[in-house]
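Enquirer: Sharing a structure, written as structure tokens. Questions coming.
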Amino acid sequence: GFPEEIALRIANPLRKSSTNLYQAKWRKFFDWCKRRDIDPLKISLPLVSEFFLYLFEDLELSPPTLKGYRSALADVLSASGIDLSNNYQIKLLFRSFSLSRPKATHFLPKWDLSLVLDSLTREPYEPMQNANLSNWTKKTVFLLTLATAGRVSEIQALSREITFDEHWSNVYIKYNPLFLAKTELETDPLT
């Protein structure tokens, strides 16, 4: 009953990357249903639970990954009367997944920024005229990454265009004009 433009916006509330990810998860669910001669749009909650168990036990997916599947299926299956977001049994199932396969804690070795910066002032990075291109590149990339404090995608989107102020005392770097950061809208790209 909504006008077409509004219906299209309601149907596409996600970024293209999220939509692609959800579609891949839906395809996996659809294929699972097809192998069992189940109509994915007329499925029961116990059968959806079996799909989650299949992902957990057979494919050995992690609980956070399973939550992504739950989110991907939730909107579509809500039209069939299945509430994956608030169902108590689904919450208990996911809690059991988390208890059975807790998130692995990886402790990275602690590092000291001042120690790293100090080491960049010595060989093989300095003096500059003695440093090889590989070490000079490593130092530059590290310092640039540290200075921008950006995500990996933002670092990859840095442009080769570099400008200086009139006294050559400041350097300005820019992003690729087509780059769109994960947390921004198309209406306000980084400059």
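The values are calculated or read from the model by the stated rules, or taken from the named source; none is laboratory data. Computed from a predicted structure; not experimentally measured. Positions of Cβ are generated from backbone atoms using ideal geometry, with glycine treated the same way; all protein chains shown enter the neighbour counts. What goes into the accessible areas is simple: the full protein's heavy atoms, side chains included, and nothing from ligands, DNA or RNA. Shrake-Rupley method; radii C 1.70, N 1.55, O 1.52, S 1.80 Å.
Enquirer: Going through 99, 41 one at a time, which residue ends up being modelled with pLDDT of 85 or more and not aromatic (Phe, Trp, Tyr)?
Expert: Working: 41 fails: modelled with pLDDT of 85 or more.
The conditions single out 99.
Enquirer: Name the residues in segment 48-94 that are open to solvent by 50 Å² or more (accessible area, probe 1.4 Å) and of a type in the set (A, V, I, L, M), would you?
Expert: 53, 59, 76, 79, 92
Enquirer: Next question. For the list (1) under 24 Å from the mean Cα position of the chain (by Cα); (2) within 30 Å of residue 179 (Cα to Cα), I need the number of the one condition that residue 61 fails.
Expert: Here residue 61 meets the rest and fails (2).
Enquirer: Another one. Inside segment 107-191, counting only helices (runs of 4 or more DSSP H) that do not spill past its ends, which hold 2 or more residues that are at pLDDT 75 or above and touching a strand residue (DSSP E or B) at 6+ places or on another chain (Cβ under 7 Å)? Full working, then the answer.
Expert: On the way: elements: 113-119, 133-148, 152-156.
Ranges flagged: none.
Enquirer: Shifting gears a bit: Given (1) surrounded by 10 or more Cβ atoms within 10 Å (Cβ to Cβ); (2) closer than 30 Å to residue 173 by Cα, where does residue 115 come up short, assuming only one miss?
Expert: Checking residue 115 against (1) surrounded by 10 or more Cβ atoms within 10 Å (Cβ to Cβ); (2) closer than 30 Å to residue 173 by Cα, the one that fails is (1).
Enquirer: Also, I was wondering about something else. Can you spot a residue in segment 49-65 that is at pLDDT 90 or above and within 16 Å of residue 81 (Cα to Cα)?
Expert: Yes, there is a match, as at least one residue in segment 49-65 is at pLDDT 90 or above and within 16 Å of residue 81 (Cα to Cα).
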